[in-house]
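Contents: one structure, followed by commentary.
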Amino acid sequence: MATLSPVTVKLEDPIVAFATTVDALVISRKMNGGDLLATEGLGKVATTLKLIERLYRTTDGKEIGPDAVLTLSNGDIARLAEAMAPFAGIGPGTGDAPGSGSR
């Protein structure tokens, strides 16, 4: 299993997480069983937002929390989801979804 290098995504529309302005988020770990369980039964959008919350951190390693995730712009969500795909085991253009068993 290949190790993925951390990816930093610059936000076009900064958010506030725990009273701190955040203009970039970093993903550095692959999705795991706990993430699958946390997203079980959620729709596509809710799953994406939950995975952003669980997998991404601020550039100084802090969590962003569910309230901050809800303030992300649609464009930033799309960029974060695209960068997250390899970490979530989703192949580009394959239609695979987290938990689909198609990895």
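ALA19 to VAL45: FRET efficiency via 1/(1 + (r/R0)^6), r the Cβ-Cβ distance, R0 30 Å, to the nearest 0.05? E between ALA19 and VAL45, to the nearest 0.05, is 0.70. Taking amide H atoms as placed 1.01 Å from N in the peptide plane, the amide H of LEU72 has no partner under 5 Å among residues 5 or more positions away or on other chains. When only Cα pairs below 8 angstrom with a gap of at least 6 residues are kept, the chain shows a relative contact order of 28 percent.
Checking (1) 13.8; (2) 15.8; (3) 17.2 against Kirkwood radius over Cα pairs in Å calculated from these atoms, the matching label is (1). Residues in segment 38-51 carry Karplus couplings, in order, of 5, 9, 4, x, 7, x, 4, 5, 4, 5, 4, 5, 5, 5 Hz; the curve used is 6.51 cos²θ - 1.76 cosθ + 1.60 with θ = phi - 60°, and Gly or Pro positions show x. What net charge is computed for the residues neighbouring PRO66, neighbours being all others with C-beta under 13 Å from the C-beta of PRO66, Lys and Arg scored +1, Asp and Glu -1? Local net charge: -1.
Every number in this text was worked out from the coordinates using simple rules, so none of it is lab data. Since we're looking at a predicted model, the values are computed, not measured. Virtual Cβ from ideal backbone geometry, glycine too; neighbours counted across all protein chains shown.
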